[in-house]
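Following: one structure in structure tokens, then a few remarks.
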Amino acid sequence: MTSNTTLLRWGLYGILILFALFYLLPLFVMLTTSLKSLEEIRTGSLLALPRAITFQPWLEAWSTACAGTQCEGLRPFFWNSVLMAVPAVMISTVVGALNGYVFAQWRFPGANLFFAAILFGCFIPFQVVLMPMARMLGLMGLAGTIPGLIFVHVIYGIGFTTLFFRNYYVTIPQELVRAAKVDGAGFFRIFWSIFLPISLPIITVSVIWQFTQIWNDFLFGVSFSGPGSQPVTVALNNIVNSTTGVKAYNVDMAAAIIAALPTLLVYVVAGKYFIRGLTAGSVKG
Amino acid sequence: MPILEIDHLQKSYGETHILHDINISIDEGDFLVLVGPSGCGKSTLLNCIAGLEPITGGTIRIGGRDVTGVSPKDRDIAMVFQSYALYPTMSVARNITFGMQVRGVDKATQDRKLAEVSRQLQIEQLLQRKPGQLSGGQRQRVAMGRALVRDPKLFLFDEPLSNLDAKLRVSMRTEIKKLHQDLNASIVYVTHDQIEAMTLATKIVVMKGGVIQQIGSPAEIYNRPANMFVADFMGSPAMNLIPARVRAEDGQTRIEIDRDGDAPLVITDPVSRNLPAEIVLGVRPEDIHEATGNAHLPGTAQDAGGDVMIEIVEPAGADTFAVTHLGGKPVTARLRAETEVRPRQKFPLAFDLSKVSYFSPQDGQRLN
Ligand SMILES: Nc1ncnc2c1ncn2[C@@H]1O[C@H](COP(=O)(O)OP(=O)(O)OP(=O)(O)O)[C@@H](O)[C@H]1O
Ligand SMILES: [Mg+2]
């Protein structure tokens, strides 16, 4: 009986480890390749560890690799992405929190219809909005700029963030708001003093979700950016595609890792809260 | 001047009418208890008074001022909620002072009032804790404290004791009563527990289906229920409601009650009453005694009764409850604990008719 369950357990671990290895393999290849010289890549095996570690590809990827005609590496585009993602994440999270607060606690006539419409917004495929959005950005004078990209990502993210916050706040008893109203607090005071302090888990969820979406986005980035406002994903694509002559796999790999690093970092730092925020909701006491 | 006047209040959600033509008036220092079965609209009425629910018709005046369209914070009220609704991330002290802070009361006054109220409620040692670290009874006190610091014209309580265990409920009940007396506060208190209603109230409103059934002092409600619903709802065990026939004879009222396997029981009410032929007799269990032949209890008009078959005997410490069947209904008598009464045996019971209620079997309204 017991030996049977331990056997099962080890079997389970074995399978899990196998899957983990399978998932980690590409990362392993990327990392090792990025630390090899081109010479070694040509002659050695794909899975072999680097014989002589070199950071040259990383430096190149960061500051000298050519994306199209511009040969400044990923650096300027990386900052474009930061300038785009940070405000877009913040704005869409704040707006989503306020929306969710209203939908959950301040029911108004037609609220259900509104909420359904916002939910529907989550399911509109990116491709559908490309043309109208391009026209909108043009009319607003934001075409090809970072504020334009921020605008697009905020609009597109609000559906999700509203959903997150509404579902979180809906578990908070109405009597709490009523008590605060009797205490004299208004709409924003109640939000600020009562709802915001209990929102850390769901703010984390919203931030991680939005950051990952926005940082990793390619389609909006390639469609709505200008020469000076391209995000890192677009630049990565250009670097990989525009190498003339020999393909610098090591530089490509280093660039890809650099581009993915921020989202990885966010998960490592806040992933624990992410899971907790997704499963939590009710506030006891 | 009444502290609270509710005039022809109506409340509906869309097509659903929840409250029908509510008229209530209470004076300063009154302890009004709204009581009724679940879903009858007690909380809705309280929320209307607080301004948390808009009303569909009528007016509400607090302290003589029409507050019908006024927001909750400007009504000069304080409210204790059923779930206590303590702010989860704030300390007990912050919970209590939050309202004053929002209103811009200066820090010194806040501290003074906090100290005063926490002493009164004996929660001084809890002030730095979060609500999650308190027991049910302690949370209840904090919720009370939050209301008390307001010093409002009117306190509103929505079933504040319903989440406590039986023992704590009784002791908190006493404390609330004491608080009411000490502060001479005006209170509207919602409960569906009729014992709470009887012990706390100076005035009771019995509701059913959004309609007021009766308004009166606890004694009035208990002794002279306006209809069979009130008679049945208030009191534990409930008032016996026995279908009976009436004959007038020699200026007296003879009441005939069907008895299982025996001739009808005839009892005599010495007062001549103008009653219809069919009535429902309402007698409290404590007004049914053991008939001791010459037993004319002090202060009673007359004992009248006969032998009945006892079905169940329930000793309850101080009293013994004996259940029989009369007029096709179970009838409970509250007897002294030492009474020699056995199930499935005949036992002589006598009815004290001085406090009897007569109801119409058609509409359930009181007849005497
Ligand atoms: N927002 C609403 N929309 C429609 N009907 C409602 C709404 N809120 C309450 N009701 C209905 O109004 C009636 C009265 O509800 P209320 O909460 O006042 O009852 P209550 O007497 O306080 O009951 P309880 O003792 O269970 O607390 C119920 O039938 C309820 O279904
Ligand atoms: Mg209620």
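The values are calculated or read from the model by the stated rules, or taken from the named source; none is laboratory data. This structure is a prediction, so every number in the text was calculated from the model and none was measured. FYI the Cβ positions are ideal-geometry reconstructions off the backbone, even for glycines, and counts take in every protein chain you see. For accessibility, only protein heavy atoms count, side chains too; no ligands or nucleic acids. Shrake-Rupley method; radii C 1.70, N 1.55, O 1.52, S 1.80 Å.
Just give me the residues in region B:36-62 being away from ligand 1 (no atom under 11 Å from the Cβ), surrounded by 22 or more Cβ atoms within 10 Å (Cβ to Cβ) and outside any loop (DSSP other than H, G, I, E, B), in sequence order.
Result: B:Ile49, B:Ala50, B:Ile60, B:Ile62.
Is it the case, given these coordinates, that B:Val67 is more than 12 Å from chain A (Cβ to nearest Cβ) and within 13 Å of ligand 1 (Cβ to nearest atom)?
no
Go through region B:346-361 and report how many residues are at pLDDT 90 or above and of a type outside the set (Phe, Trp, Tyr).
Selection size over region B:346-361: 4.
Taking region B:172-202 on its own, how many of its residues are more than 20 Å from B:Ala238 (Cβ to Cβ) and open to solvent by 50 Å² or more (accessible area, probe 1.4 Å)?
Result for region B:172-202: 9.
Listed here are the residues, each with its yes/no results for (1) in contact with a strand residue (DSSP E or B) (Cβ under 8 Å, 6 or more places away or on another chain); (2) assigned by TED's automatic domain parsing to the domain that holds B:Arg75; (3) modelled with pLDDT of 90 or more; (4) open to solvent by less than 70 Å² (accessible area, probe 1.4 Å).
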site: B:Arg103; (1), (2), (3), (4): no, yes, yes, no
site: B:Gln110; (1), (2), (3), (4): no, yes, yes, yes
site: B:Lys130; (1), (2), (3), (4): no, yes, yes, no
site: B:Leu148; (1), (2), (3), (4): yes, yes, yes, yes
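Scanning region B:145-179 for residues that are within 12 Å of another protein chain (Cβ to nearest Cβ) and aliphatic (A, V, I, L, M), which turns out farthest from ligand 1 (Cβ to nearest atom)?
If we take residues in region B:145-179 being within 12 Å of another protein chain (Cβ to nearest Cβ) and aliphatic (A, V, I, L, M), then B:Val149 is farthest from ligand 1 (Cβ to nearest atom).
Please state which of the following conditions B:Val142 fails to meet, knowing it meets all the rest: (1) facing chain A (nearest Cβ under 10 Å); (2) at negative phi.
Failing condition for B:Val142: (1).
Sort out which residues of region A:132-147 are touching a residue at least 24 places away in the same chain (Cβ under 8 Å) and open to solvent by 40 Å² or more (accessible area, probe 1.4 Å), and write them in order of number.
Selection gives A:Ala134, A:Ala143, A:Thr145.
Spot the failing condition for B:Ile18; the list is (1) in contact (Cβ under 8 Å) with a residue 40 or more places away in the chain; (2) assigned to a loop (DSSP other than H, G, I, E, B); (3) within 13 Å of ligand 1 (Cβ to nearest atom), and only one is missed.
Every condition holds for B:Ile18 apart from (2).
Scan region B:63-93 residue by residue and report those that are surrounded by fewer than 21 Cβ atoms within 10 Å (Cβ to Cβ) and within 16 Å of ligand 2 (Cβ to nearest atom).
Residues satisfying the conditions are B:Gln82, B:Ser83.
Go through A:Ser193, A:Ser206, A:Ser223 for me and flag whichever is among the polar types (S, T, N, Q), assigned to a helix (DSSP H, G or I) and within 14 Å of chain B (Cβ to nearest Cβ).
One residue alone meets the criteria, A:Ser193.
With the requirement that a residue be within 16 Å of ligand 2 (Cβ to nearest atom) and in contact with a helix residue (DSSP H, G or I) (Cβ under 7 Å, 6 or more places away or on another chain), what does region B:145-163 give you?
Listed by number, the residues that qualify are B:Leu156, B:Asp158, B:Pro160, B:Leu161, B:Asn163.
Let's see how each residue does on (1) within 14 Å of another protein chain (Cβ to nearest Cβ); (2) within 16 Å of ligand 2 (Cβ to nearest atom); (3) over 24 Å from B:Met1 (Cα atoms):
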| residue | (1), (2), (3) |
| --- | --- |
| B:Asp106 | no, no, yes |
| B:Lys130 | yes, no, yes |
| B:Asp182 | no, no, no |
| B:Glu196 | no, yes, yes |
| B:Lys203 | no, no, no |
| B:Gly216 | no, no, no |
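So which of B:Glu15, B:Glu53 ends up being at negative phi, in the same structural domain as B:Leu200 (by TED's automatic domain parsing) and within 16 Å of ligand 2 (Cβ to nearest atom)?
Result of the check over B:Glu15, B:Glu53: B:Glu53.
Please work out which one of (1) open to solvent by 50 Å² or more (accessible area, probe 1.4 Å); (2) at pLDDT below 80 is the condition B:Ala248 fails and give its number.
(2)
Could you please find all residues in region B:87-103 being of a type outside the set (Phe, Trp, Tyr) and at the interface with chain A (Cβ under 7 Å from one of its Cβ atoms)? Please lay out each step first, then the result.
Kept after step one, since they are of a type outside the set (Phe, Trp, Tyr), are these residues of region B:87-103: B:88-97, B:99-103.
Listed by number, the residues that qualify are B:Pro88, B:Thr89, B:Gly99, B:Val102, B:Arg103.
Scanning region A:167-183 for residues that are open to solvent by 50 Å² or more (accessible area, probe 1.4 Å) and under 33 Å from the mean Cα position of the chain (by Cα), which turns out farthest from B:Met144 (Cα to Cα)?
A:Asn167
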